[in-house]
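Written out below as structure tokens is the structure these notes cover.
The values are calculated or read from the model by the stated rules, or taken from the named source; none is laboratory data. As the structure is a computational prediction, the values presented were derived from the model and not from experiment. No Cβ is skipped: glycine too gets one built from the backbone with ideal geometry, and neighbour counts run over all protein chains shown.
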Amino acid sequence: MVGATAVVLTTVAVTGAGLHLSQSQAFFQESPKELVDEVWQIIDRQYVDATFNQVDWRAVRNDYLNREYSDKEEAYEAIREMLETLDDPYTRFMDPEEFKNMQIDTSGELTGVGIQIAQDEDTKKLVVISPIEDTPAFQAGILAKDLIVKIDGQSTEGMDVNDAVQLIRGKPGTDVTLTIQRDEEEIDYTITRARIEIHPVRYSYRSTPTGEIGYIRLNQFSAIAAQEMREAIKELETQDVNGYILDLRSNPGGLLYSSIEIARMWLDKGKIVSTVNRQGSSNEEVARNRALTDKPLVVLVDGGSASASEILSGALQDNERATLVGTQTFGKGLVQSVRGLGDGSGLAVTIAKYLTPSGRDINKEGIPPDIVIELTEEQRKELQKDRTKIGTPDDPQYVKALDVLNQAIAEEPNDRASVQTP
């Protein structure tokens, strides 16, 4: 999936990071020290801040190259230490397994059983958020809210979500046994892994007192997100909806080109985003008169809306194309370049910052919604425990977005010109 010029804004430990996937590979001759130096060289050439966040980067090189490394693991540890001196959570080293998982997460396709899992905040147990339709887990009968207590007989008590994902994923055609606790009963499900396609877009046609609307939830800017968004808008346009709610809550980011393409589906003209590198050179992306609709639009955002989500919502807000409802977004305004290294590991380097059309640098600031609707802790936990309530009358932020949209629809002139769908 790694393309020559694909740009990613993807989830890391905290949240999204803008990634630029480069085809050029840093090959080295099985020398751990050469790998350490290769990483140093890449940072030296590309890092966004010429002062390296006030770090003497040449002294760092001397320190780490004067050490001896007996194997790759020692080199990996040294590289992570070296990068920590930059105090930049988005400039990070990925060992081969982590790099492979990053590529899987942004490709929209993986191999496994087809469930979304999380760790319960209170009990720390692994809980099934939902099985993905038409996957082995769905067909086996795994249900939302099921607790995974064992994986192939191994207890999941205290297990990190990422470790659990590693155990559940595997080659298509192989089996994994999940021990599920449902109420007081424990059930073993032996499931055959398959290739799973993750659909980032969910949409529906809804009737409201003031007319019909389209609700579109986008949970990740993956490789297929733009195509699915285009299909969703076109289908809802054929059903003559009067307006749209676009839900970007808890969307941590994804591919940058995907966010730009999706912005062009809503915007006929105007800037979308600009990126500025350490030389001060700016690259600007603009709309191309190809909007699929000009009907009223409300965008739902929250503190989990990061990176590519902020590029899209910032572009729509600055161009006065949409009203943003919810809470302040995460504040991730940096772009990373990601490249593979010769042993299959990878490196993400912050190479630029991005600005919204009006020139806002939202890093660590986030984007303030036009209308703030906070959820209580109880409401937030309720939606987290039962995700089927998201985008329903049981979701206070959605209810407010619907109210705002209905008001915008009511104020629309009746003789509005329709936008031709190419």
Only unsatisfied item for T293, checking (1) surrounded by fewer than 23 Cβ atoms within 10 Å (Cβ to Cβ); (2) within 15 Å of the chain's Cα centre (by Cα), is (2)
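Run down T111, T156, T106 and say which single residue is of a type outside the set (G, A, S), closer than 30 Å to K389 by Cα, surrounded by 18 or more Cβ atoms within 10 Å (Cβ to Cβ) and modelled with pLDDT under 90. Can you show your working first?
Details: T111 fails: surrounded by 18 or more Cβ atoms within 10 Å (Cβ to Cβ); T156 fails: modelled with pLDDT under 90.
Of T111, T156, T106, the one residue that is of a type outside the set (G, A, S), closer than 30 Å to K389 by Cα, surrounded by 18 or more Cβ atoms within 10 Å (Cβ to Cβ) and modelled with pLDDT under 90 is T106.
Just to be sure before I move on: is L65 free of Cβ contacts under 8 Å to residues at least 40 places away in the same chain and either more than 19 Å from I180 (Cα to Cα) or among the polar types (S, T, N, Q) (or both) in the structure I sent? Lay out the reasoning, then the answer.
Values: free of Cβ contacts under 8 Å to residues at least 40 places away in the same chain: yes; either more than 19 Å from I180 (Cα to Cα) or among the polar types (S, T, N, Q) (or both): yes.
Criteria met by L65.
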Please enumerate the residues belonging to the stretch 236-262 that are without any contact (Cβ under 8 Å) to a residue 60 or more places away in the chain, more than 16 Å from the chain's Cα centre (by Cα) and assigned to a helix (DSSP H, G or I). L236, T238
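Check G344, G303, G340, G314 and return the single one that is at pLDDT below 95, over 21 Å from V399 (Cβ atoms) and out of contact with any strand residue (DSSP E or B) (no Cβ under 7 Å at 6 or more places or on another chain).
Details: G303 fails: over 21 Å from V399 (Cβ atoms); G340 fails: out of contact with any strand residue (DSSP E or B) (no Cβ under 7 Å at 6 or more places or on another chain); G314 fails: at pLDDT below 95.
Step by step, each of G344, G303, G340, G314 is checked, and only G344 is at pLDDT below 95, over 21 Å from V399 (Cβ atoms) and out of contact with any strand residue (DSSP E or B) (no Cβ under 7 Å at 6 or more places or on another chain).
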Can you run down the residue pairs with Cβ atoms below 7 Å, 6 or more apart or on separate chains, where the first is in the stretch 272-285 and surrounded by 15 or more Cβ atoms within 10 Å (Cβ to Cβ) and the partner is in a strand (DSSP E or B) and acidic (D, E)? I272/E285; V273/E285; S274/E284
Any residue at all in the stretch 366-375 that is out of contact with any Pro (no Cβ under 7 Å at 6 or more places or on another chain), within 28 Å of L236 (Cα to Cα), surrounded by fewer than 22 Cβ atoms within 10 Å (Cβ to Cβ) and not charged (D, E, K, R)? yes
List, please: which pairs have Cβ atoms under 7 Å, are six or more places apart or on different chains, and start with a residue in the stretch 210-235 that is closer than 21 Å to S305 by Cβ and part of a helix (DSSP H, G or I) and end with one that is of a type in the set (S, T, N, Q) and at pLDDT 95 or above? I233/T293
Output the number of residues of the stretch 157-196 satisfying the condition of being under 22 Å from L110 (Cα atoms) and in a loop (DSSP other than H, G, I, E, B). 9
Filter result (among the β-branched types (V, I, T) and more than 26 Å from I104 (Cα to Cα)) within the stretch 222-272: I233, T238, V241, I245, I272
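Any idea which of I272, I224 is in contact with an Asp or Glu (Cβ under 9 Å, 6 or more places away or on another chain) and at pLDDT below 95?
When all the criteria are applied, what remains is I224.
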I'd like to know if the stretch 249-260 contains one or more residues that are among the charged types (D, E, K, R) and surrounded by 20 or more Cβ atoms within 10 Å (Cβ to Cβ). yes
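Name every residue in the stretch 303-325 that is under 18 Å from the mean Cα position of the chain (by Cα) and surrounded by 24 or more Cβ atoms within 10 Å (Cβ to Cβ), in order of residue number.
Residues of the stretch 303-325 under 18 Å from the mean Cα position of the chain (by Cα): 303-315.
S305, A306, S307, A308, S309, E310, I311, L312, S313, G314, A315 - these are the residues of the stretch 303-325 that are under 18 Å from the mean Cα position of the chain (by Cα) and surrounded by 24 or more Cβ atoms within 10 Å (Cβ to Cβ).
What residue, among those in the stretch 57-92 that are part of a loop (DSSP other than H, G, I, E, B) and more than 33 Å from the chain's Cα centre (by Cα), is surrounded by the most Cβ atoms within 10 Å (Cβ to Cβ)?
Of the stretch 57-92, the ones part of a loop (DSSP other than H, G, I, E, B) are 66-71, 85-91.
Okay, now just the ones that are also more than 33 Å from the chain's Cα centre (by Cα), so 66-71.
Numbers: N66: 8, R67: 12, E68: 7, Y69: 19, S70: 8, D71: 8.
Result: Y69.
A quick yes/no check of all residues on (1) within 30 Å of S155 (Cα to Cα); (2) among the aliphatic types (A, V, I, L, M); (3) touching a Ser or Thr at 6+ places or on another chain (Cβ under 7 Å):
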position: I180; (1), (2), (3): yes, yes, no
position: E184; (1), (2), (3): yes, no, no
position: I187; (1), (2), (3): yes, yes, no
position: R193; (1), (2), (3): yes, no, yes
position: E197; (1), (2), (3): yes, no, no
position: P209; (1), (2), (3): no, no, no
position: I213; (1), (2), (3): no, yes, no
position: F221; (1), (2), (3): no, no, yes
position: I224; (1), (2), (3): no, yes, no
Of the candidates I187, I129, the one satisfying the condition of being touching a helix residue (DSSP H, G or I) at 6+ places or on another chain (Cβ under 9 Å) and of a type in the set (A, V, I, L, M) is I129
Filter result (in contact (Cβ under 8 Å) with a residue 24 or more places away in the chain, out of contact with any Pro (no Cβ under 9 Å at 6 or more places or on another chain) and in a loop (DSSP other than H, G, I, E, B)) within the stretch 316-358: R321, G331, G333, G342, T356, P357, S358
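Only one residue in I148, I142 is assigned to a strand (DSSP E or B) and either on the phi > 0 side of the Ramachandran plot or not assigned by TED's automatic domain parsing to the domain that holds D386 (or both). Which one?
Working: I142 fails: assigned to a strand (DSSP E or B).
Being assigned to a strand (DSSP E or B) and either on the phi > 0 side of the Ramachandran plot or not assigned by TED's automatic domain parsing to the domain that holds D386 (or both) holds for just one of I148, I142, which is I148.
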